[in-house]
Amino acid sequence: MISRETVEWGYRLILGREPENEAVIAEKMACTDQAALSNQLIYSEEFVNKNPRFMPLMNKWVLVEHEVGIRIWVNLADTGISWPIVRNDFERAEIKFLSGVIKPGQTVFDIGANIGFFSMLFSKLVGPEGRVIAFEPLPFLHERAVMSAYENGFGHCTIHNVALAKERGTVALVYAPGSPNWGGAFLSFDGSVLPGHASVPVPTCPLSDFVDGDLPSLIKIDVEGAEHTVMSDAVELLAEARPIVVSEIHRTQLERVSGVEPSDYIDLFRNLGYKCLEIAKDGTATRELIGHEEFQLVNVVFMP
């Protein structure tokens, strides 16, 4: 986490202006270090538009091979997910942790699949005798994730084009058009849209609709603040299957989308006998969190 002053000076030096509001400052303070903030600002649409010769971002899909042994479709305009995958530095700690706990033949849920990197990794790890059930509501991301599954021959990977919620219906999925970070879309259950954003209606289903006998050994969830909403509907599944749950906890997004604090989300699992452990940079998980720690963004594992 970086300081408020670092964020403000980053905006002044790179974008030539002040941050637009307190929410943006809080979001950027969650960057791991100053270099991460600089990358976000330099690869932003605003910087590229002001400096067209510096780094043109091409909206072009390409197929790449990753060091974990999968092939995946990425987009050259996506600096938040695709470019880190291309550079082999995408979520390295989580990859190491997950690769150590997922076993052949298991069933794994990937909630918030995006372009499908973790769905492909999970499919490789569980092998043809296992199952991967994934969910991605944005149609164009879902389409590419499905194409990547086909490219790898992962017939045991099913990717559903829905958002998980308590009831069947539709919900507004809010995104920033032209943003270079394709991992930031979030659900708006009241239909409100942030300034500079747009929304698209997407279908919703409860998670229980997709549990057909193969109980998950592991659930990965990263749904930009809807984690508490989704998992509170899965209490019976958690109690019965006792899966490992790997999750992002983003304080601002949890408050905006689910209307809860990180401690509320962690308590949901603690009441079921789970421990919340922070996933460290080396891929280990030993430090227990209770939700009152000073953090904006953290990746955790809930261990039964």
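Of note:
- Sequence of Val74, Val24 once ranked by neighbouring C-beta atoms within 10 Å, starting from the fewest: Val24, Val74
- Relative contact order %, the chain, counting alpha carbon pairs below 8 Å whose residues are six or more apart: 14 percent
- Computed label-point distance, nm, for sites Lys166 and Asp212 using a 7 Å Cα→Cβ extension: 2.7 nm
- Dividing the mean sequence gap of close Cα pairs (under 8 Å, 6+ apart) by how many residues the stretch 188-304 holds gives a relative contact order of 25 percent.
- Relative contact order [Cα under 8 Å, 6+ residues apart], the stretch 103-234, whole percent: 28 percent
- Unit Cα scatterers, Debye sum, the stretch 4-50: log10 I(q)/I(0) for q = 0.21 Å⁻¹: -0.63
- Packing order of peptides 256-264, 107-115, 276-284, highest average first: 107-115, 256-264, 276-284 (average count of other Cβ atoms within 10 Å over each peptide's residues).
- Spatial extent of the stretch 179-304: Rg and Dmax, with the Cα atoms as the point set, Å: 15.1, 43
- Of the chymotrypsin sites (Phe, Trp or Tyr not before Pro) in the stretch 214-304, those whose Cβ has at most 16 other Cβ within 10 Å and which sit in DSSP loop: Phe295
- Where the alpha-carbon atoms of the stretch 71-171 are placed on the principal axes, they occupy 37, 34, 24 Å, in descending order.
- The overall shape of the stretch 91-303 is rounded: from the C-alpha gyration tensor, with semi-axes ordered a ≥ b ≥ c, the ratio a/c is less than 1.5.
- Under the span-like rule (Cα at least 18 Å along the axis, Kyte-Doolittle mean at least -1.0), DSSP H helices of the chain: 139-152
- Neighbour counts of other Cβ atoms within 10 Å put Lys28, Lys124 in the fewest-to-most order Lys124, Lys28.
- Averaging the Cα positions of each part gives two centres, and for the stretch 158-177 and the stretch 48-120 these lie 21 Å apart.
- Taking every DSSP beta bridge that has both ends in the chain, the antiparallel portion is near 60%.
- Local electrostatic count, Asn75, Cβ distance below 11 Å [Lys/Arg +1, Asp/Glu -1]: +1
All of the numbers you see were taken from the coordinates with simple rules; none came from a lab. Since we're looking at a predicted model, the values are computed, not measured. Cβ atoms come from the backbone with ideal geometry, glycine included; neighbour counts cover every protein chain shown.
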